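K.L.:
One structure coming up, written as structure tokens, with questions to follow.
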Amino acid sequence: MSVKRTSSKSLTNYNVNIKIKLAALWTALMFLYIYADFFQLMTPKKLEKMIDLQTPMGPTSPEILVIFSVILIIPSLMIFLSVFLKTQINKWLNICIAALYASMSILIIVSTLGSQWHTFYILFNLIEVFVFAMIIYQAWNWPKVE
């Protein structure tokens with residue numbers, strides 16, 4: 001880890017390992033997911049639909065719950081995998097998964113347009129797309145060995 005200093009009054013700027021940056025971005029993304037879903041519980045009729053076992057994809061079923069689980073398990077694991085995977089697979093896994101999830105976020109944005117109660121959800125999804133773009137950018141520009 002190198003340290004850059006320009007004068008005695010300037011702040012120290014440490015270079016952060018790319019793996020830590022990616023893990024931090026995936027962690028931020030998980031917080032966005034959690035808070036967006038939490039706030040969505042406060043929209044009209046959401047709790048009633050949950051009690052009636054209704055999801056945005058139709059009736060709740062074991063298969064739907066497994067699909068939802070996998071959708072959230074993958075980014076959760078990316079926090080860990082970003083730190084522990086070997087460089088080449090790490091880079092491409094981050095790029096591919098972030099691109100896939102960014103596409104899903106864009107579809108969610110399009111599908112919720114026009115609903116005043118989902119304006120906050122669109123905001124969360126726009127920030128998620130930005131975080132995915134940062135993941136792709138960081139992974140794409142992975143530092144090379146000198």
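The values are calculated or read from the model by the stated rules, or taken from the named source; none is laboratory data. What you see is a predicted model; the values in this text were computed from it and never measured. Methodologically, a virtual Cβ is constructed for each residue, glycine included, from the backbone with ideal geometry; neighbour enumeration extends over all protein chains shown. Please note that ligands, DNA and RNA were not included when accessible areas were found on the heavy atoms of the full protein model with its side chains. Shrake-Rupley method; radii C 1.70, N 1.55, O 1.52, S 1.80 Å.
K.L.:
Criterion first (in a helix (DSSP H, G or I) and surrounded by 14 or more Cβ atoms within 10 Å (Cβ to Cβ)) does Met50 satisfy it?
P.N.:
It is false that Met50 is in a helix (DSSP H, G or I) and surrounded by 14 or more Cβ atoms within 10 Å (Cβ to Cβ).
K.L.:
Before we move on, is Leu22 closer than 29 Å to Ile95 by Cα, in a helix (DSSP H, G or I) and modelled with pLDDT under 95?
P.N.:
The answer is no for Leu22.
K.L.:
Among the listed residues Ile71, Ile79, which satisfies the condition of being under 27 Å from Pro143 (Cα atoms) and either touching a strand residue (DSSP E or B) at 6+ places or on another chain (Cβ under 6 Å) or open to solvent by 40 Å² or more (accessible area, probe 1.4 Å) (or both)?
P.N.:
Working: Ile71 fails: under 27 Å from Pro143 (Cα atoms).
Answer to the selection: Ile79.
K.L.:
Using beta carbons and a limit of 9 Å, which pairs, at least six apart or on different chains, have the first residue in the stretch 94-111 and more than 25 Å from Phe80 (Cα to Cα) and touching a residue at least 12 places away in the same chain (Cβ under 8 Å) and the second one open to solvent by 90 Å² or more (accessible area, probe 1.4 Å) and assigned to a helix (DSSP H, G or I)?
P.N.:
Ile109/Leu126
K.L.:
Which one of these does Asp37 not meet: (1) within 17 Å of the chain's Cα centre (by Cα); (2) charged (D, E, K, R); (3) open to solvent by less than 50 Å² (accessible area, probe 1.4 Å)?
P.N.:
It is condition (3) that Asp37 fails.
K.L.:
Moving on. Looking at the stretch 82-108, which of its residues are of a type in the set (S, T, N, Q) and open to solvent by 40 Å² or more (accessible area, probe 1.4 Å)?
P.N.:
Thr87, Gln88, Ser103
K.L.:
Still on this structure: Kindly indicate whether any position in the stretch 60-67 is assigned to a helix (DSSP H, G or I), open to solvent by less than 50 Å² (accessible area, probe 1.4 Å) and touching a strand residue (DSSP E or B) at 6+ places or on another chain (Cβ under 7 Å).
P.N.:
yes
K.L.:
Mind listing just one residue for me: the one in the stretch 73-129 that is at pLDDT below 95 and outside any helix (DSSP H, G or I) and, of those, nearest to Lys45 (Cα to Cα)?
P.N.:
Ranking the candidates gives Ser115 first.
K.L.:
Which condition does Ser111 not pass, out of (1) among the polar types (S, T, N, Q); (2) more than 14 Å from Leu22 (Cβ to Cβ); (3) open to solvent by less than 60 Å² (accessible area, probe 1.4 Å), if it passes all the others?
P.N.:
Tallying (1) among the polar types (S, T, N, Q); (2) more than 14 Å from Leu22 (Cβ to Cβ); (3) open to solvent by less than 60 Å² (accessible area, probe 1.4 Å), Ser111 fails exactly one: (3).
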